[in-house]
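Enquirer: Below is the structure I would like to discuss, written out as structure tokens.
The values are calculated or read from the model by the stated rules, or taken from the named source; none is laboratory data. Since this is a predicted model, take the numbers as computed values, not measurements. Don't worry about glycine lacking a Cβ; one is built from the backbone with ideal geometry, like all the others, and counts go over all protein chains shown.
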Amino acid sequence: MTEQRLGLAPARIAGHLRAAVALAVRAAPGRTAVLALGTLLSAALPVAAALLTRAVVDGLARGATGPGWTGAVGALAGVGVLIGLGPAVLAYVRADVERAVALLAKDRLFRAVDTVVGVARFEDPDYLDRLMLADESGGRGPGQVIDSAFGVFAAALTVGGLVASLWTVSPVVAAAVLLSGLPVLAAELILGRQRAWTEWDISPAKRRELFYRDMLATEQAAKEVRLFRLGGFLRERMLRERRSAQAAEHATDRRAMLVQSGLATAAAIVAGAALLVVTAQSRAGAHSVGDIAMFLAAVLGVQTALAGAAAQAAKAIQALLLFDSYRAVLADPPDLPVPAVTRPAPPLRTGIELRDVWFRYGPNHPWVLRGLDLTIPAGRATALVGRNGCGKSTLVKLLCRFYDPTRGAILWDGIDLRELDPAELRARISAVFQDYVNYELSAAENIGVGDLPALDDRPRIHAAAGRAGMHELLAALPHGYDTMLGRRFNAPDAQATGMDTGVNPSGGQRQRIAIARAFLRDARDLVILDEPSAGLDAAAEHEVHARLRAERAGLTSVLISHRLNAIREADDIVVLADGAVHERGDHETLLAVGGEYATLFALQASGYQPAGA
Ligand SMILES: Nc1ncnc2c1ncn2[C@@H]1O[C@H](COP(=O)(O)OP(=O)(O)OP(=O)(O)O)[C@@H](O)[C@H]1O
């Protein structure tokens with residue numbers, strides 16, 4: 001990844017911690033409090049166990065049998081029960097908090113993604129990598145951050161308590177045991193950071209792996225993959241990405257294993273030496289048997305707690321660094337500038353003017369539009385014509401403000417699009433894009449998403465389908481308009497009915513459904529049809545075009561088609577070439593000029609003549 005790696009400045013970590021705690025408190029206040037209290041309680045238990053062990057063993061040595069001693073035994077047994085129960089109960093609460101946090105985090109993440117105004121961000125690999133990490137870490141990150149932070153705090157309490165108990169036996173030994181644990185802590189912190197970096201570094205490989213996986217296992221690619229025998233090729237590419245990700249993970253794990261085993265050995269040597277010192281001292285009568293018993297419990301406890309703290313700290317660092325991508329996506333600056341106070345997008349009265357528009361998809365991309373001047377008059381049909389790649393669809397994307405012109409301006413009744421609220425602007429537009437979407441939803445929903453308030457308005461949906469010539473066909477499906485369009489998922493009642501009710505519409509039928517979706521958005525000011533007839537048969541094309549003409553009457557429309565016959569009745573035909581308007585006029589005028597349009601039209605018309613005519 002080209003972007004800077006995640007940072008570890010203390011202020012940033014503190015900020016992430018605050019954000020994670022706030023998220024958990026928001027998502028599950030009661031359960032977070034239970035988790036915090038439970039964690040603290042579980043931290044105190046090993047200390048209590050060590051102290052009670054000393055009391056019980058010393059009592060035994062003294063031959064005590066009174067209520068005090070019996071109480072200590074009972075308390076020790078109780079602590080034992082709590083130590084046994086604690087992990088399972090805490091794990092249950094923790095998982096519950098994590099689920100609640102993951103849900104809220106996902107909601108916030110995709111709300112943030114929804115605020116992206118244009119589409120360029122979805123073509124930026126760095127953003128997509130960050131989004132993938134954010135989605136992954138948003139699911140488990142905040143919960144882990146909280147959990148690990150609590151864990152570190154609890155382990156620190158345990159260590160503090162046990163070291164204090166050890167201190168009463170031998171201050172030197174207590175200090176030695178504590179010091180032997182500190183390198184483990186430092187090493188785990190570094191390892192945690194390295195793990196986070198590894199995840200960061202391998203995210204492009206993971207995304208590519210997902211792409212190959214999709215190619216191998218989705219219906220869209222299945223035909224070509226089989227015909228071209230691409231299975232082995234794609235599988236190898238997928239595994240190559242997996243191997244490279246695994247190699248990075250393996251290197252990190254190996255480093256962790258070496259560091260951890262070295263440090264664990266050192267800690268064990270220190271504990272052994274301490275044991276020698278204390279047993280030697282006790283032979284000299286310096287310590288009671290209870291001291292020795294507590295010492296053993298405390299040394300074990302300190303080492304376990306330190307190892308636990310170290311592991312938790314490593315997890316916390318890793319989770320915090322991944323949480324960084326989550327917060328980065330949430331804090332991303334706007335991709336396209338939108339003023340704090342936007343101007344209302346009025347109904348289109350005069351038209352849209354593209355004034356000296358220059359556009360390229362990025363600084364390293366070639367210019368697509370080069371000083372384009374064009375007026376799209378209100379209430380008229382304007383057709384865009386031109387060779388592949390001349391910028392027709394690009395112009396449409398600029399009209400919807402999916403991108404801003406690199407230079408120049410687009411004016412909606414004289415108002416720069418950049419001054420309008422993008423949502424309001426888009427509410428005034430209806431469109432069938434060249435790469436329209438096939439939703440894996442029911443037939444009714446496939447049309448209804450064109451105008452969400454009408455999602456359940458069956459009469460309107462039926463009418464829109466009828467205008468696109470699809471009503472009879474959709475009504476006759478196994479579950480009518482509730483039939484799933486697509487066979488990737490079973491219908492919700494598939495198991496009960498034993499019927500796989502999803503259907504796969506043909507290409508042309510899908511295109512008509514996209515047209516119906518656009519028809520549902522009637523009463524819009526601007527209708528854009530980018531290649532609306534590409535997949536239609538001749539009869540369907542004629543029918544849809546007749547309807548489109550009727551639909552377009554009085555509306556402002558922009559129509560793109562390579563079938564010049566389909567757009568010959570447009571009020572204005574604009575031929576684009578070299579990023580600018582090359583010719584403009586109605587069909588008759590352009591034929592009379594004898595330029596590019598006339599040439600293309602003659603070429604297409606000749607294809608319909610009988611041979612030799
Ligand atoms: N998202 C994008 N990122 C980078 N370049 C792009 C992008 N979309 C289109 N282009 C490039 O911009 C140029 C114009 O593409 P555009 O889709 O606007 O052409 P078009 O006139 O609609 O072509 P066609 O007739 O083939 O549909 C092409 O060179 C294309 O490669």
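Enquirer: Give me a count of the residues in the range 562-579 that are within 15 Å of the ligand (Cβ to nearest atom), of a type in the set (Gly, Ala, Ser) and closer than 25 Å to Glu353 by Cβ. Spell out the reasoning first.
Expert: Here is the first cut: in the range 562-579, the ones within 15 Å of the ligand (Cβ to nearest atom) are 562-564, 566-567, 573-579.
If we keep only those that are of a type in the set (Gly, Ala, Ser) as well, we get 566, 577, 579.
Among the residues that remain, those that are also closer than 25 Å to Glu353 by Cβ are: 577, 579.
Total satisfying the criteria: 2.
Enquirer: Please give the number of the condition Gly408 fails out of (1) in contact with a Phe, Trp or Tyr (Cβ under 7 Å, 6 or more places away or on another chain); (2) within 16 Å of the ligand (Cβ to nearest atom).
Expert: (2)
Enquirer: Something else: Write out, first by first residue and then by second, each pair whose Cβ atoms fall under 7 Å of each other, whose residues are 6+ apart or on separate chains, and whose first residue, in the range 379-408, is closer than 12 Å to Gly579 by Cα and touching a residue at least 40 places away in the same chain (Cβ under 8 Å) while the second is near the ligand (Cβ under 10 Å from one of its atoms) and part of a helix (DSSP H, G or I).
Expert: Gly386/Lys392
Enquirer: Among what's in the range 333-350 and is in a loop (DSSP other than H, G, I, E, B) and touching a helix residue (DSSP H, G or I) at 6+ places or on another chain (Cβ under 7 Å), pick the residue that is nearest to the ligand (Cβ to nearest atom). If you could, list the steps in order and put the result at the bottom.
Expert: Taking the range 333-350 as the starting set, the residues that turn out to be in a loop (DSSP other than H, G, I, E, B) are 333-342, 344-350.
If we keep only those that are touching a helix residue (DSSP H, G or I) at 6+ places or on another chain (Cβ under 7 Å) as well, we get 335, 337-339, 342, 344-345.
Working: Asp335: 14, Pro337: 20, Val338: 21, Pro339: 26, Thr342: 26, Pro344: 30, Ala345: 24 Å.
That would be Asp335.
Enquirer: Just a yes or no: is a residue in the range 351-360 basic (Lys, Arg), outside any loop (DSSP other than H, G, I, E, B) and within 13 Å of the ligand (Cβ to nearest atom)? Steps first, please.
Expert: Keep residues of the range 351-360 that are basic (Lys, Arg), which gives 355, 360.
Imposing the further condition that a residue be outside any loop (DSSP other than H, G, I, E, B) reduces the set to 355.
Now drop any that are not within 13 Å of the ligand (Cβ to nearest atom), which leaves none.
No, the range 351-360 contains no residue that is basic (Lys, Arg), outside any loop (DSSP other than H, G, I, E, B) and within 13 Å of the ligand (Cβ to nearest atom).
Enquirer: Right, next: Please work out if Leu162 is in contact with a Gly (Cβ under 7 Å, 6 or more places away or on another chain), assigned to a helix (DSSP H, G or I), buried (at least 24 other Cβ atoms within 10 Å of the Cβ) and assigned by TED's automatic domain parsing to the domain that holds Ala274. Before the answer, list the steps.
Expert: Details: in contact with a Gly (Cβ under 7 Å, 6 or more places away or on another chain): yes; assigned to a helix (DSSP H, G or I): yes; buried (at least 24 other Cβ atoms within 10 Å of the Cβ): yes; assigned by TED's automatic domain parsing to the domain that holds Ala274: yes.
Yes: the conditions hold for Leu162.
Enquirer: Of the residues that make up the range 485-492, is at least one more than 17 Å from Leu455 (Cβ to Cβ), among the aliphatic types (A, V, I, L, M), surrounded by 12 or more Cβ atoms within 10 Å (Cβ to Cβ) and at pLDDT 70 or above? First the steps, then the outcome.
Expert: Of all residues in the range 485-492, those more than 17 Å from Leu455 (Cβ to Cβ) come to 486-491.
Narrowing the set further to residues that are among the aliphatic types (A, V, I, L, M) leaves 491.
Filter once more, so that each one left must be surrounded by 12 or more Cβ atoms within 10 Å (Cβ to Cβ): 491.
Adding the requirement that they be at pLDDT 70 or above leaves none.
No: the range 485-492 contains no residue that is more than 17 Å from Leu455 (Cβ to Cβ), among the aliphatic types (A, V, I, L, M), surrounded by 12 or more Cβ atoms within 10 Å (Cβ to Cβ) and at pLDDT 70 or above.
Enquirer: Next question. Which pairs turn up if I take residues in the range 513-535 that are at negative phi and at pLDDT below 80 and look for partners that are within 16 Å of the ligand (Cβ to nearest atom) and of a type in the set (A, V, I, L, M) with beta carbon separation below 7 Å, at least 6 apart in sequence or on another chain?
Expert: Pro532/Val432; Ser533/Ala566
Enquirer: Another question, then. Can you pull out the residues in the range 515-532 that are more than 16 Å from the ligand (Cβ to nearest atom) and of a type in the set (A, V, I, L, M)?
Expert: Of everything in the range 515-532, those that are more than 16 Å from the ligand (Cβ to nearest atom) and of a type in the set (A, V, I, L, M) turn out to be Ile515, Ala516, Ala518, Leu520, Ala523, Leu526, Val527.
Enquirer: Restricting to the range 61-71, and then to whatever is free of Cβ contacts under 8 Å to residues at least 24 places away in the same chain and within 17 Å of Ala293 (Cβ to Cβ), can you tell me which residue is surrounded by the fewest Cβ atoms within 10 Å (Cβ to Cβ)?
Expert: Out of the qualifying residues, it is Gly63.
Enquirer: Determine the pairs where a residue that is surrounded by fewer than 14 Cβ atoms within 10 Å (Cβ to Cβ), located within the range 584-605, has a partner that is among the hydrophobic types (A, V, I, L, M, F, W, C) with Cβ atoms under 6 Å apart, the partner being 6 or more residues away or on another chain.
Expert: Gln604/Leu564
Enquirer: Kindly indicate whether Asp435 is more than 15 Å from the ligand (Cβ to nearest atom) and surrounded by fewer than 18 Cβ atoms within 10 Å (Cβ to Cβ).
Expert: Details: more than 15 Å from the ligand (Cβ to nearest atom): no; surrounded by fewer than 18 Cβ atoms within 10 Å (Cβ to Cβ): yes.
Against the criterion (more than 15 Å from the ligand (Cβ to nearest atom) and surrounded by fewer than 18 Cβ atoms within 10 Å (Cβ to Cβ)), Asp435 does not qualify.
Enquirer: Quickly run through the range 82-133 and pick out the residues that are within 16 Å of the ligand (Cβ to nearest atom), farther than 20 Å from Leu321 by Cα and not aliphatic (A, V, I, L, M). Don't jump to the end; show me each part of the working.
Expert: Narrowing the range 82-133 to residues within 16 Å of the ligand (Cβ to nearest atom): 116-128.
This time we only want the ones that are farther than 20 Å from Leu321 by Cα, so: 116-124.
Of everything in the range 82-133, those that are within 16 Å of the ligand (Cβ to nearest atom), farther than 20 Å from Leu321 by Cα and not aliphatic (A, V, I, L, M) turn out to be Gly118, Arg121, Phe122, Glu123, Asp124.
Enquirer: Might you let me know whether the range 178-192 holds any residue that is farther than 30 Å from Arg254 by Cβ, aliphatic (A, V, I, L, M) and surrounded by 19 or more Cβ atoms within 10 Å (Cβ to Cβ)? Working first, answer last.
Expert: Taking the range 178-192 first, the residues farther than 30 Å from Arg254 by Cβ are none.
No.
Enquirer: Hey, could you check the range 375-395 for residues that are surrounded by 15 or more Cβ atoms within 10 Å (Cβ to Cβ) and over 20 Å from Glu569 (Cβ atoms) and say which is farthest from the ligand (Cβ to nearest atom)? Working first, answer last.
Expert: Here is the first cut: in the range 375-395, the residues surrounded by 15 or more Cβ atoms within 10 Å (Cβ to Cβ) are 375-386, 390-395.
Right, trim to over 20 Å from Glu569 (Cβ atoms) and you get 390-391, 393-395.
Working: Cys390: 4, Gly391: 4, Ser393: 3, Thr394: 3, Leu395: 7 Å.
It comes out as Leu395.
Enquirer: Can you go through Val81, Val34 and tell me which one is among the β-branched types (Val, Ile, Thr), loosely packed, with under 15 Cβ neighbours inside 10 Å, out of contact with any Leu (no Cβ under 6 Å at 6 or more places or on another chain) and closer than 30 Å to Gly143 by Cα? Full working, then the answer.
Expert: Numbers: Val34 fails: loosely packed, with under 15 Cβ neighbours inside 10 Å.
So the residue among Val81, Val34 that is among the β-branched types (Val, Ile, Thr), loosely packed, with under 15 Cβ neighbours inside 10 Å, out of contact with any Leu (no Cβ under 6 Å at 6 or more places or on another chain) and closer than 30 Å to Gly143 by Cα is Val81.
Enquirer: Applying the selection to the range 409-422, what residues are surrounded by fewer than 18 Cβ atoms within 10 Å (Cβ to Cβ) and free of Cβ contacts under 8 Å to residues at least 40 places away in the same chain?
Expert: Result: Asp416, single match.
Enquirer: From the residues in the range 361-374 that are surrounded by fewer than 16 Cβ atoms within 10 Å (Cβ to Cβ) and near the ligand (Cβ under 9 Å from one of its atoms), which one is farthest from the chain's Cα centre (by Cα)?
Expert: Pro366
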